[in-house]
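The values are calculated or read from the model by the stated rules, or taken from the named source; none is laboratory data. Because the structure is a prediction, the values reported are computed rather than measured. Cβ atoms come from the backbone with ideal geometry, glycine included; neighbour counts cover every protein chain shown. The protein model used for the area step is the full one, side chains on, heavy atoms only, and it has no ligands, DNA or RNA in it. Shrake-Rupley method; radii C 1.70, N 1.55, O 1.52, S 1.80 Å.
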Amino acid sequence: MIWLKKAYRLLRQALSIRIWLASIVVILLILLLALTVNHAREKEMADLFSRQQLASAQNAAARITEILAQVERNIVLFSYFDPEGKKLTQEDYREIEGLYSVWGKTIDAVLVFDAGEKIRRILPQGALPSVDLTSHFRTLKRQQRQYLNLALSDKLPGESEVLKKDWYLIWGYPVWHEDNVFAGAWMVSFSLTELVGAGERQVRDNQLGDLWLINEQGQVLLHPDASYIGKNISDLVKNDQESGLALPSDRVRYLNSKILQNNNKIQRSVIAYHPLQIAGYTWYVMVSAPYSRVIAPVRTTFIYTLFSALVLILVLVIVGIFFAFREGKRLRMREEQERLKEREAWQEKLLREKKTIDGIIEGSPIPSFVINKEHRVILWNRACEELTGCSAKDMLGTDEHYKSFYSLKRPMVVDLIVDNDIDALNKFYGSKRVKKSDKVLNAYEAYDHFENLGGLSRYMYFLAAPIYDEEGNIIAAMETLQDVSREEELTRSLREYAETLQNELAENIELRREIEGLYNYLQSIVNSLPDKIYEVDKDGIVNFISRGLKKTQTEFRGKHFLEFVAPEDEAFVTSKWEDAKRGIFTPYEIEATAQDGRKVNIMVTTAPVLGTDHYILVQRDITEFKNLEKKLYNSQKLAALGQLSAGIAHEVRNPLSSIKMSLQILEKRMNPEGNDLKRFKIAQKEVEHLEELVNNVLVFAKPVEPRIASTDLAKVLEQAITLSEKILHDKQIEIKLEAGDIPLVNVDAAMITDAFVNVIRNAAEATEEKGYIRIYARSIGSQPPSVLVVVEDNGCGIDEADMPHLFNPFFTKKKYGTGLGLSQVMKIVEVHQGKLEIISEKDKGTKVCITLPSSELRHIPGE
């Protein structure tokens with residue numbers, strides 16, 4: 001009921017707001033429509049007024065044109081009077097004055113000039129022209145034809161005030177003798193203001209605005225405000241595009257425009273103009289009126305109408321509010337009556353439900369009691385009597401319900417719920433596992449143990465919930481109790497059993513941790529072995545691999561170990577596997593290819609796993625042992641070869657010296673020529689070749705003991721290049737040395753120089769003429785610190801088949817080579833604990849990389 005009333009009030013408020021918003025929108029739409037209609041009427045009024053202005057401008061132009069034409073016809077009569085003739089009599093004056101008497105005040109003066117620019121006559125008598133006509137006569141005399149022009153009034157001499165600014169129309173007619181000789185001219189000045197005054201009065205009387213007279217240059221000739229006269233129309237009048245007004249000579253027009261006032265303010269105006277022709281010139285008659293004055297009647301009517309409409313709307317709103325208030329009051333009274341009837345019905349229904357609920361609670365097997373806002377018991381059911389031993393008669397109407405549970409007075413959960421004192425729940429029941437109920441709204445539950453409740457030790461579960469009235473206020477609270485002693489005992493037993501299991505689980509976990517530790521330790525030992533161990537069953541299926549796995553154990557497990565053997569070795573390994581199954585466990589060697597492509601030698605040992613039918617295959621990499629074995633063999637071979645070569649070289653060296661000396665003596669004595677000389681040279685060259693071979697053999701066979709010292713490697717390289725200069729110069733080879741900031745090296749400078757001379761000469765011999773050799777050195781971050789020297793050429797390169805034999809003594813592809821150069825270089829590098837590597841490809845050049853140990857010091861260039 002409460003939420004229905006609130007929803008009804010909100011709905012009524014929303015409808016009221018919508019009605020007000022709708023009313024405001026309607027009023028705004030009416031105002032917008034009124035403004036639109038008013039704007040249209042103002043535009044229509046301005047258009048009608050402009051057409052009236054245009055008609056008035058046309059009439060004024062026609063009238064002015066007619067007046068000026070009549071003036072022109074009458075003035076022609078002056079040409080009949082000879083300026084050189086007799087003096088005019090009074091009769092003549094009367095006749096002449098009769099010609100212009102019809103013009104009234106429009107005529108200013110009539111002057112007669114002779115050919116010598118002298119004034120012969122001035123009419124009317126004694127008249128003083130407002131314009132200096134002499135200059136205009138000079139122009140007419142120069143043109144010698146009819147003259148028409150405009151002039152502003154001059155300041156008369158002797159007067160202290162300036163005359164009103166006005167334009168004067170100047171007509172001039174030449175006088176001719178019979179022999180067509182210029183005799184003089186009549187000059188007549190008219191006040192333009194007086195000439196067009198009739199048209200101006202007509203426009204003013206019709207309240208159509210101000211009359212403007214504008215010449216074809218756009219200059220204002222006539223205007224009610226004298227300050228406008230003489231100004232240009234384009235500076236005064238702007239159209240809607242803010243550009244100056246241009247007056248076409250072939251059509252009439254009316255439009256809205258903006259006129260600059262004397263106070264520099266812009267006034268919106270309605271104008272109309274019409275051209276007129278006078279003596280071959282085009283002038284314009286323009287009528288202007290302020291836009292505000294044009295639409296004043298419409299705007300006044302609109303304001304009166306709008307005010308009346310607003311007053312009417314206000315009256316309607318007031319009347320509507322009055323009637324709405326009356327209707328609302330009537331509806332509220334009716335709603336109140338209905339609400340009272342509904343409340344009585346609900347009260348009866350609640351009373352019935354209360355009796356029903358009291359009966360249900362009273363007969364419920366769950367102990368329950370209810371207290372009111374004053375903490376007095378208003379319900380205590382039979383189950384609660386049986387639980388506590390306190391009768392309902394003793395409890396109803398009292399606030400001593402706590403005595404059934406506690407010896408001292410203290411609030412129960414239901415008391416705190418009635419007071420809505422949720423914070424106190426933690427204070428009194430924080431240790432009783434108090435919490436908000438998940439099943440009952442705004443209810444709280446707790447547990448407690450009572451040593452003597454109804455004569456027994458019990459564990460009780462409390463659930464207290466508030467009871468609300470129709471406005472949502474707490475008026476009472478109900479608490480139910482449940483004996484959970486059995487559940488609590490069961491929980492305690494389960495807790496003890498769980499603790500026992502937990503202890504056993506902890507012991508098992510600790511035991512597992514120790515086993516895993518031992519297993520991991522043993523696994524670490526196995527993985528730390530330099531050998532790889534395979535554990536296979538009797539069928540050769542792999543169960544375990546110790547180390548070096550790129551994949552997981554799962555991916556290898558279940559595969560036959562022969563899958564890891566190269567196809568060419570499979571038959572040999574299978575035979576050894578069959579021997580092992582027969583009890584013959586003989587180690588064997590195979591050659592395999594590593595993942596990086598290098599060849600490795602492997603020794604495989606098979607052994608049984610005691611107590612099972614499984615086997616262990618131990619795989620050991622013996623590549624290093626094989627290499628050491630080869631080196632030992634080569635060293636022994638080279639040592640023997642060196643001793644043999646040294647003996648032979650020693651025995652050959654002396655005869656060679658004798659042969660060389662004899663050839664030189666014979667050449668000097670015999671002085672051979674031609675083929676004989678050629679044979680002498682060949683013999684000498686072969687002796688020198690044998691001598692060089694003997695020297696190389698002695699150097700190769702001689703034990704080497706380097707004198708190690710910190711040496712500047714850049715200077716060593718420069719020295720080696722200098723010693724190789726002859727062959728480099730002969731073949732025009734470009735050589736480039738790049739040795740920057742590199743550390744000193746611990747070497748024998750002389751021996752290392754010989755080694756680099758050998759390498760550079762080999763590079764030069766392998767390079768075509770005009771080739772290049774690049775030598776660069778840099779420090780590398782190895783341990784111990786070293787310096788890498790690379791000698792790179794673009795020569796013929798080395799065949800792949802020759803690469804394994806490069807360091808063999810006496811191996812050479814040269815015509816006159818000894819085959820000991822690279823062997824000697826290798827020997828020198830090795831005694832310096834360095835490394836020598838050759839990278840080459842046929843027809844693509846060669847790189848010789850020599851690594852030498854460096855000292856701690858760093859060479860500083862320039863020292």
Accessible surface of the stretch 355-506 [probe 1.4 Å, protein heavy atoms]: carbon and sulfur percent: 51
Accessible heavy-atom area order of H560, H177, highest first, probe of 1.4 Å: H177, H560
So what does M603 come to for accessible area, using a 1.4 Å probe and Å² rounded to 10? 60
With DNA, RNA and ligands ignored, accessible area of S135 (1.4 Å probe; Å², nearest 10): 50
So E765 and E470, fully extended at 0.36 nm per residue minus their Cα-Cα distance, gain in nm 94.6 nm
With all protein chains present, the stretch 586-630 has a carbon and sulfur share of its accessible area (1.4 Å probe) in percent of 56
Given the whole protein assembly as supplied and a 1.4 Å probe, what does the accessible area of T356 come to in Å², nearest 10? 80
How many nm is it between the label spots at M603 and E348, if each spot is 7 Å from the Cα in line with the beta carbon? 11.4
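On average, how much accessible surface per residue is there in the stretch 280-324, in Å², for a 1.4 Å probe, leaving out ligands, DNA and RNA? Before the final figure, lay out the partial values.
Values: 2670 Å² over 45 residues.
Value returned for the stretch 280-324: 59 Å² of accessible area per residue.
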Chymotrypsin sites (Phe, Trp or Tyr not before Pro), restricted to the stretch 401-449: which are DSSP loop and have at most 15 other Cβ atoms within 10 Å? Y406
Once you have the Cα-Cα distance between R557 and E705, take 0.36 nm times their residue separation minus that, and quote the gain in nm to one decimal. 47.7 nm
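Can you give the FRET efficiency to the nearest 0.05 for Y461 and E507, using r as the Cβ-Cβ distance and R₀ = 45 Å?
Efficiency at R0 = 45 Å is approximately 0.80.
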Restricting attention to the stretch 737-792, which trypsin sites (Lys or Arg not before Pro) occupy a DSSP loop and are surrounded by at most 11 other Cβ atoms within 10 Å? K770
Send over a whole-number figure in Å² for the accessible area per residue of the stretch 417-531, probe 1.4 Å. 69
Length gained, Q70-A226, 0.36 nm per residue minus C-alpha separation, equals 53.4 nm
What order, most packed first, do the peptides 585-595, 536-546, 412-422 have when packing is the mean number of other Cβ atoms within 10 Å of each residue? 412-422, 536-546, 585-595
Under 17 Å by backbone N from the virtual spin label 7 Å along Cα-to-Cβ at D539, the residues of the stretch 594-617 are 613-615
At R0 = 45 Å, FRET efficiency that the Cβ-Cβ distance of I727 and D531 yields, to 0.05: 0.30
Taking 7 Å along the Cα-to-C-beta vector as the label spot, tell me the V319-V618 distance in nanometres, rounded to one decimal. 12.1
State, to one decimal in nm, how far the label point of D421 lies from the label point of L490, with both points 7 Å from Cα in the Cβ direction. 3.7
Rounded to 0.05, the calculated FRET efficiency for the beta carbons of K409 and N372 at R₀ = 22 Å is 0.75
With DSSP loop assignment and no more than 14 other C-beta atoms within 10 Å, the trypsin sites (Lys or Arg not before Pro) in the stretch 387-451 are K409, R433, K439
